[in-house]
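The values are calculated or read from the model by the stated rules, or taken from the named source; none is laboratory data. It should be emphasised that the depicted structure is a prediction, and the values quoted were computed from it without experimental measurement. As a convention, Cβ positions derive from the backbone with ideal geometry for all residues, glycine included, and neighbour counts pool all protein chains shown.
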Amino acid sequence: MHTVDPDSLETFAQIAIEECGSPAETAAIVARSLVSADLVGHSSHGVVRLPYYANQIDEGSLDPTALPSVEEAGLFHQIDGAGAFGQVTGRRAVELVTETAAEYGVGVVGISDSGHLGRIGEWADYVADEGYLFASWVNLQGGAQRIAPPGTADRRLGTNPITFAVPSFGVLPFNLLYDGATSQVAHGKIIERDGSGERLPTDWTITETGGPVEYATDFEDHVGALLPLGGKATGHKGFGLATMTELFAAIVGGGPVSTEPEQSWVGNGAAFVAIDPTVFTSREGVKDRISALSQYLRSAEPIEADGEVLLPGEPEYRIARDRREAGIPIEDAVIENLQAFADNLGIRQAFPETL
Ligand code: NAD
């Protein structure tokens, strides 16, 4: 394991993306977004993605210079991601949805053909930091099919994340933020174990025999599927959420749904909604409710020695607080891969020193 300084990592990422053909402004947005995912502990959505993006650019499925285009109708906007970096599209979407909520009290943005939107919590936090409630439904537009309907082991849906944020207006040091895949785990958690030789937890996946997929490498070779959130016992709930998310994202975003054949597409469609809470109550009203609820939830008695009630978004807040001080830990294999990537681009001198 290596530890690197977040600012140096961001500078490296920015140089790498510029070297791949992006203008400085785009590279800065993408670099900030990737490092912010590493900072909050979702490294599967962080700088580990850089070599994948470079491959996508080489293959022509990602255009490093493209910008999303926007169609506007009052409260509503639809964004065509146009093969641009998803981070640029995500940022445009949250700017639009907050500007509209500021004017009308509510804003809705649909997104189609976006590059990978990454960690959706980043967009939710942006909107909450501006003082608005946020909800989103994100799909994979028929690509990256991984979730099996209950009672089957056939891959039919993407890991379709659902995300909500409530601005805390300073009553807590973080916004309340729920951001999770509708599968038992995000696919990134499987990728992280690929090649590790470690067995996958048995309640993540299913194969046609009814047993789990044993190793990440097998899953990557298309063995079995991810169980929907809730697993074998109550997977109908996760499956229902994933299905409705597929439709919200596709209908509001204007993109396709999951069908055969699976698309090679690896980007996202989405529906983003922002609501001004002060249309309904004062900021004090929001703070009072968050304060009362969080105190009550935290008063639950732990039944395990190291038990502690954490609120949604709190694990990411704590990890980011620690990593800003101590640096970001990165697996040896990821460091080696990124160094080889830097060598290919001829920017090894920009690679961050380990702390
Ligand atoms: P996760 O299981 O790590 O976390 C889900 C939620 O649970 C988070 O809001 C977190 O704050 C909360 N949480 C975690 N531990 C907690 C605890 N002990 N107490 C209270 N709350 C807790 O998330 P995930 O499903 O692994 O998803 C990881 C990331 O992957 C997300 O950021 C998601 O947006 C992203 N993702 C993106 C795509 C895409 O196509 N762009 C697809 C799937 C997932």
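Here the range 97-139 is the region considered, the condition is being out of contact with any Phe, Trp or Tyr (no Cβ under 8 Å at 6 or more places or on another chain), under 20 Å from Leu177 (Cβ atoms) and in a helix (DSSP H, G or I), and the residue that is farthest from the ligand (Cβ to nearest atom) is Asp129. Thr163 meets all of the listed conditions (1) within 12 Å of the ligand (Cβ to nearest atom); (2) of a type in the set (Ser, Thr, Tyr); (3) part of a loop (DSSP other than H, G, I, E, B) but one, namely (3).
Is it the case that the range 199-214 has a residue that's out of contact with any strand residue (DSSP E or B) (no Cβ under 9 Å at 6 or more places or on another chain) and within 14 Å of the ligand (Cβ to nearest atom)? Within the range 199-214 (the criterion being out of contact with any strand residue (DSSP E or B) (no Cβ under 9 Å at 6 or more places or on another chain) and within 14 Å of the ligand (Cβ to nearest atom)), the answer is yes, since at least one residue qualifies. Taking the criterion of being under 17 Å from His45 (Cβ atoms) and of a type in the set (Lys, Arg), the only residue of the range 304-325 that qualifies is Arg323. Of all residues assigned to the range 196-208, none qualifies as being within 30 Å of Gly81 (Cα to Cα), among the β-branched types (Val, Ile, Thr) and at pLDDT 95 or above. Checking each residue of the range 248-256 against the condition of being more than 25 Å from the chain's Cα centre (by Cα) and farther than 30 Å from Phe174 by Cβ gives no match.
With respect to Lys237, is the statement that it is of a type in the set (Lys, Arg), over 30 Å from Val166 (Cβ atoms) and at pLDDT 95 or above true? Considered against the rule, which asks whether it is of a type in the set (Lys, Arg), over 30 Å from Val166 (Cβ atoms) and at pLDDT 95 or above, Lys237 comes out as no. Just one of (1) over 17 Å from Pro149 (Cβ atoms); (2) buried (at least 22 other Cβ atoms within 10 Å of the Cβ) fails for Gly197. It is (2). Sub-6 Å Cβ pairs linking a first residue in the range 161-174 that is closer than 19 Å to Ile275 by Cβ to a second residue that is among the charged types (D, E, K, R), at least 6 apart or interchain, are Thr163/Asp179; Phe169/Arg283; Phe169/Lys287; Val171/Lys287, ordered by first then second residue. When the range 296-355 is filtered for residues that are in contact (Cβ under 8 Å) with a residue 40 or more places away in the chain and of a type in the set (Asp, Glu), the ones remaining, listed by number, are Glu314, Glu316, Glu331, Asp332, Glu353.
Filtering Thr243, Thr217, Thr202, Thr234 for residues that are in contact (Cβ under 8 Å) with a residue 40 or more places away in the chain and either assigned to a loop (DSSP other than H, G, I, E, B) or among the polar types (S, T, N, Q) (or both) leaves a single hit, Thr243.
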